[in-house]
Every structure is written in C-alpha cells, then in structure tokens.
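Structure first, then comments.
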Amino acid sequence: LKGKLVLLLGKRNYLVSVDKKEFHTQYGVIDLTKLKKKKPGSKVKTHSGEEFVIVEPTFVDILMKKTKRLPQIITPIDASLILAHTGVSIKALIVDAGAGSGFLAMFLAHYCNKGKVVTYEKNLKFAEAVKNNIKLVGLKNIVLKQKNVLNGISERNIDLVTLDMIDAERVVEIVYKKLNPGGWIVVYSPYIEQVKKVVQEFEAFDFTNIKTVENINRYWQVSGYTRPKTSGVMHTGFLTFARKK
Ligand SMILES: C[S@@+](CC[C@H](N)C(=O)[O-])C[C@H]1O[C@@H](n2cnc3c(N)ncnc32)[C@H](O)[C@@H]1O
C-alpha cells in the first residue's frame, strides 16, 4: 500500500495517505505508519480502540474527499443522470463550461475514459483550483481552458456539451454548429427561470428530445421507526437535455 491513498471504512469513512504519520478522527488517533504493511481488507484501530477496515478508495471516494471545492459543484448523483440520459460513449468528445471546481468535468472524464473532456473556466482562481484537482485525482483526459466560453470554442465534432454557468442560454448558439448530429447539450440550472430561457433557445435552434429533469433522492432512516429522513438536501438543480438533429 506504499505511497497510496486508502479508505478507512468504519462508523465514518476517512481517506488517508499511507505516507503520513498519524490521522485524528472523532474516534481517536490512527497510527498511519502501521498501514504500509497492511493489505486491503485488514483492520486498524484508533488509540481508543475504534476499528476501521482498510480498502481501496473508489473514484467517487477520491473525488468527494480529496479535492477542493470552490463554487457550487455538480454532485456525482446529478452527474450520473447525464450519463444515464445521454448514454454518451466512453470515447466521446465532451465540452464543459464553467469548470467551477471541475467536479462535473472530472466525473465525465473518469467514465468516458477513452474520450476527452475540454472544460472552460473564465475565472483565474477557479481555473488554478481545477488544475490542482485534476492533478490530485490523476486524470489525463481533461483539458482546462482558462477562457470565457462566450468568446467561442475551438472544438468541433462534439458529442456532448455540459453547461453549468450563468448565461448558459447564450452558449447554445456558440456550440450548435460544433455538435455532432445526435449530439447532446445538457444545462444544469438551480432556478426554473434559467430553464425557461434555455428551452426557448433549444427550440429556436430546432433541437429535439428536449426534456427537463429534477433529480430528487429521498433518503430513509431504516432503524427503530422507519420513515423518510427529515433533513438533508432537498433541491440541487434542474437538468435540461436536448439533442441536435
Ligand atoms: C457553478 S460553477 C460550475 C461548477 C462545476 N459544474 C463543478 O461541478 O464543479 C460555475 C462556473 O462557471 C464559470 N463561468 C461563468 N460564466 C462563464 C463563461 N462565460 N465562461 C467560462 N466560465 C464561466 C464561473 O466562473 C464558475 O466557476
């Protein structure tokens, strides 16, 4: 396990580097120097006796626990809906804007790992953070362009465009000619007012298969009395899909 990240699975999960000395949890301190000799599936205890199992982290574990978030992210739960609705090829060329914290771009790049994601971000500080996040996650198939997407894009024969930014409706015209026939455009909008503007633009460009989806996940407590949980995120955003004829 040397030089690696491992996930400690227990009452809470912790992503730790086996190269560090120790890790403080709410259940006590874990001596990380012991981890180097351990195999996945073996156990480690905090100084106060709480047990954790050592496992290999998944891509989502690393994405959610290792990277830095600046603007509001698109979570894997919403991002997965883009894969489900578009059925985009693993070899796809994807253009994304704005990169923000790079979460959606990284998610798509991981699953479309024989393809490429080009993500545009106009803000220099965010662009630097995205570069760093890409490095932390270790993805090789993302290109970050620190540019304003409203000034145009250079990619062509695009399979999927994803937009999570103010004025997304203004990007529809910019990407229209660059999309492959059958290619998808997906806009993530926190507010329904933006959805309306986006749909109007999709109709103006004669896109087909236009649909807006709200991804509602209701978590349940299944212990003692069983019912939907009464706290948690109730609304993230709307996803509006359309396909070029
Ligand atoms: C909500 S964040 C995107 C979050 C991202 N989807 C993620 O999952 O991490 C919106 C981003 O769009 C960027 N942005 C807004 N207008 C833009 C434009 N015209 N060109 C490029 N980036 C833009 C903002 O700077 C901001 O970082």
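The values are calculated or read from the model by the stated rules, or taken from the named source; none is laboratory data. Model, not experiment: these values are computed from the prediction. Glycine also receives a Cβ, built like all others from the backbone with ideal geometry; neighbour counts cover every protein chain displayed. Just the protein is used for accessible areas: all its heavy atoms, side chains included, with ligands, DNA and RNA removed. Shrake-Rupley method; radii C 1.70, N 1.55, O 1.52, S 1.80 Å.
The table below gives the values:
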quantity: Pairs where the first residue, in the range 189-205, is of a type in the set (Ser, Thr, Tyr) and the second is assigned to a helix (DSSP H, G or I), C-beta under 6 Å, 6+ apart; calculated: SER189/VAL195
quantity: Residue match in the range 221-243 (condition: within 14 Å of the ligand (Cβ to nearest atom), in contact with a strand residue (DSSP E or B) (Cβ under 9 Å, 6 or more places away or on another chain) and modelled with pLDDT under 95); calculated: yes
quantity: Long-range neighbours under 6 Å by Cβ, at least six apart or interchain, first residue within 17 Å of VAL198 (Cβ to Cβ) within the range 210-228, second part of a strand (DSSP E or B); calculated: ILE210/ALA242; LYS211/PHE241; THR212/PHE238; THR212/THR240; VAL213/LEU239; GLU214/PHE238
quantity: In the range 127-142, the residues that are closer than 18 Å to VAL60 by Cβ and not in a helix (DSSP H, G or I); calculated: GLY138, LEU139, ASN141, ILE142
quantity: Test: THR46 is polar (S, T, N, Q) and either open to solvent by less than 20 Å² (accessible area, probe 1.4 Å) or closer than 17 Å to PHE238 by Cα (or both); calculated: yes
quantity: Hey, LYS135 more than 14 Å from the ligand (Cβ to nearest atom) and over 23 Å from GLY182 (Cα atoms) or not; calculated: yes
quantity: Index of the failed condition, VAL55 passing every other in (1) free of Cβ contacts under 8 Å to residues at least 24 places away in the same chain; (2) more than 13 Å from the ligand (Cβ to nearest atom); calculated: (1)
quantity: The listed residue being more than 11 Å from the ligand (Cβ to nearest atom), assigned to a loop (DSSP other than H, G, I, E, B) and of a type in the set (Val, Ile, Thr), out of VAL88, VAL117; calculated: VAL88
quantity: Sole exception among (1) hydrophobic (A, V, I, L, M, F, W, C); (2) free of Cβ contacts under 8 Å to residues at least 40 places away in the same chain; (3) open to solvent by less than 60 Å² (accessible area, probe 1.4 Å) for ILE185, by number; calculated: (2)
quantity: Residue that is open to solvent by less than 80 Å² (accessible area, probe 1.4 Å), at pLDDT below 95 and within 16 Å of the ligand (Cβ to nearest atom), where the choices are PRO76, PRO40, PRO71; calculated: PRO71
quantity: Residue check for LEU144: touching a helix residue (DSSP H, G or I) at 6+ places or on another chain (Cβ under 9 Å), of a type in the set (A, V, I, L, M, F, W, C) and crowded, with 19+ Cβ neighbours inside 10 Å; calculated: yes
quantity: Residue in the range 91-113 that is away from the ligand (no atom under 15 Å from the Cβ), of a type outside the set (A, V, I, L, M, F, W, C) and in contact (Cβ under 8 Å) with a residue 40 or more places away in the chain present; calculated: no
quantity: Filter result (in a loop (DSSP other than H, G, I, E, B) and either open to solvent by less than 20 Å² (accessible area, probe 1.4 Å) or within 13 Å of the ligand (Cβ to nearest atom) (or both)) within the range 156-168; calculated: ASP164, MET165, ILE166, ASP167
quantity: Verdict on VAL195 being open to solvent by less than 20 Å² (accessible area, probe 1.4 Å), in contact with a Phe, Trp or Tyr (Cβ under 9 Å, 6 or more places away or on another chain) and either more than 13 Å from the ligand (Cβ to nearest atom) or among the charged types (D, E, K, R) (or both); calculated: yes
